[in-house]
């Protein structure tokens, strides 16, 4: 008799996996490989020169700086929003809950022109902020605002389910044992929430780095000041500098891959933590 | 916080109607706008079924079977999410563009991919690639495979199992993925902007049409077209809430059924 190792009896494994791999290769893997192959037209020195010109360096600083800042803001306000949505009931809660996904559903170009209209000198918020010396539209601050807008759902939607699972009793127990609210938050809630919050942060960060549509309208796109890296790629393409565009793209791709790996690592870590605690 | 989200949305509709309702309608029925709407619908109509079939196939393989390299495969499916849309457009230019791998072959055969509809469809497929698969994989993993195995024992074929057992079980998750994919497909800007060439009336999708009008300082028309897209986003959110409510109800119903 053959071994009694449990065998999977369901059909379709070869077909479904084969189709998955074929489609994945055609649409994603081979085209991405093309980018890496294209850069081999450069020598290493040429490649390094293209990706480190002052204008490109300035765009990295803006893109990664603004994306990081936006992700930090989102981690804070996203946690707050998720907290309010899970712990309290108030009229219109369903509506707010649905509205959280708006930045995800709203096309980025629409978000871009809408934010510009709101924050420009004669817009609803711009006309209040600008006399007080805060210029948002057409400055790096505008980039942060746009990236915060598009990144918000990611933090809320990763933190919310974990908060729902965390029972209010744990917090009440901590309170009855004499912990004040801040201690409860720091010692009881935050440790449980940490992996989800980090994952949401990383997702918002990854999304913000690559974002193009919503940013270009509000940024003003001044070289060295408010020009993001994806725009540099577009500009190089319009000048038919395909190799240069690809070189900058490869730098961004490598960073995105690293971020994606860390997100998956975080999710693995959090699922392990959850299964240990249970 | 909800103000931060709500104000831009309100701004779209106010700006769109600023010059009156007639200007608003005029901006939407103008031939270039109509052709942009048509192209957007075509791109979504092609990319959606393709990603749907892929999503179901990938989820079937990943959720129902154990194999080596599974977590690598899941990471690879997530890849398009982490890649900037601009880069998504760029890679297709590198392959199908004039100087690209197939550039000369395409010219010899009088075919156009870049600056034409196939390029736009490809870019749209790329950016919406993970959504349905990501929605289905955890759902199908949670549901396990007992029901499918029962179907097999009772003599159902593979396709019958898929059609009568698996698909009804995952219908809400599937619908949710479809709606997300559709919203992204119709609204994609960065990737499509790289491959489209911005030819008015020919290769302009709705978001690109918004950009052109906006850069021509034709704000009323730009916001009018943008309001259509914003409306689409609101429908998406409404459907999503409805699906969550429905799937919550059916989950409760099945809990109740198993209690009894």
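Residue check: residue B:19 meets all listed conditions (1) away from chain A (no Cβ under 12 Å); (2) assigned to a helix (DSSP H, G or I) but one, namely (2). Residue-level check: of (1) at pLDDT 90 or above; (2) facing chain A (nearest Cβ under 9 Å), residue B:157 misses just (1). Within the span defined as region B:189-210, every residue fails to be under 25 Å from residue A:103 (Cα atoms), at pLDDT 90 or above and surrounded by fewer than 20 Cβ atoms within 10 Å (Cβ to Cβ). Answer yes if at least one residue in region B:150-160 is more than 30 Å from residue B:17 (Cβ to Cβ) and buried (at least 21 other Cβ atoms within 10 Å of the Cβ), and no otherwise. No, the conditions are met nowhere in region B:150-160.
Within this structure, residue B:182 fails the test of being more than 15 Å from residue B:44 (Cα to Cα), in a helix (DSSP H, G or I) and touching a residue at least 12 places away in the same chain (Cβ under 8 Å). The residues on offer are A:221, A:264, and the sole one that is outside any helix (DSSP H, G or I), within 14 Å of chain B (Cβ to nearest Cβ) and surrounded by fewer than 21 Cβ atoms within 10 Å (Cβ to Cβ) is A:221. Of all residues in region B:166-179, exactly one satisfies the criterion of being modelled with pLDDT under 90 and within 12 Å of chain A (Cβ to nearest Cβ), namely B:176. Of all residues in region A:26-81, those satisfying the criterion of being exposed (fewer than 13 other Cβ atoms within 10 Å of the Cβ) and not in a helix (DSSP H, G or I) are A:40, A:41, A:43, A:52. Among the candidates B:62, B:74, the residue that is buried (at least 22 other Cβ atoms within 10 Å of the Cβ), in contact with a helix residue (DSSP H, G or I) (Cβ under 9 Å, 6 or more places away or on another chain) and within 28 Å of residue B:162 (Cβ to Cβ) is uniquely B:62. Restricting attention to region A:82-122, which residues are at pLDDT 85 or above, at the interface with chain B (Cβ under 9 Å from one of its Cβ atoms) and outside any helix (DSSP H, G or I)? A:100, A:101, A:106, A:107, listed by residue number. Screening residue B:211 on (1) over 30 Å from residue A:94 (Cα atoms); (2) more than 8 Å from chain A (Cβ to nearest Cβ); (3) assigned to a helix (DSSP H, G or I) shows it passes everything except condition (2). Candidates A:125, A:166: the one that is within 14 Å of another protein chain (Cβ to nearest Cβ) and either within 28 Å of residue B:229 (Cβ to Cβ) or touching a residue at least 12 places away in the same chain (Cβ under 8 Å) (or both) is A:125.
Checking each residue in region A:235-251 for being free of Cβ contacts under 8 Å to residues at least 60 places away in the same chain, surrounded by fewer than 24 Cβ atoms within 10 Å (Cβ to Cβ) and in contact with a helix residue (DSSP H, G or I) (Cβ under 6 Å, 6 or more places away or on another chain) picks out A:236, A:237.
Checking each residue in region B:217-235 for being over 15 Å from residue B:207 (Cβ atoms) and in a helix (DSSP H, G or I) picks out B:219, B:220, B:234, B:235.
Note on region A:224-238: residues that are outside any helix (DSSP H, G or I) and modelled with pLDDT under 90 amount to 3.
Of the helices (runs of 4 or more DSSP H) entirely within region B:23-137, those holding at least 2 residues that are at the interface with chain A (Cβ under 10 Å from one of its Cβ atoms) occupy B:31-64, B:70-82, B:85-96, B:117-128.
Taken together, the residues in region A:224-234 that are surrounded by fewer than 16 Cβ atoms within 10 Å (Cβ to Cβ) and in contact with a helix residue (DSSP H, G or I) (Cβ under 6 Å, 6 or more places away or on another chain) amount to 1.
When restricted to residues that are over 20 Å from residue A:86 (Cβ atoms) and in a helix (DSSP H, G or I), region A:152-179 contains 1.
The values are calculated or read from the model by the stated rules, or taken from the named source; none is laboratory data. Treat the numbers as computed from the prediction; the structure is a model and nothing was measured. Note that we place each Cβ from the backbone using ideal geometry, even for glycine, and neighbour counts take in every protein chain shown.
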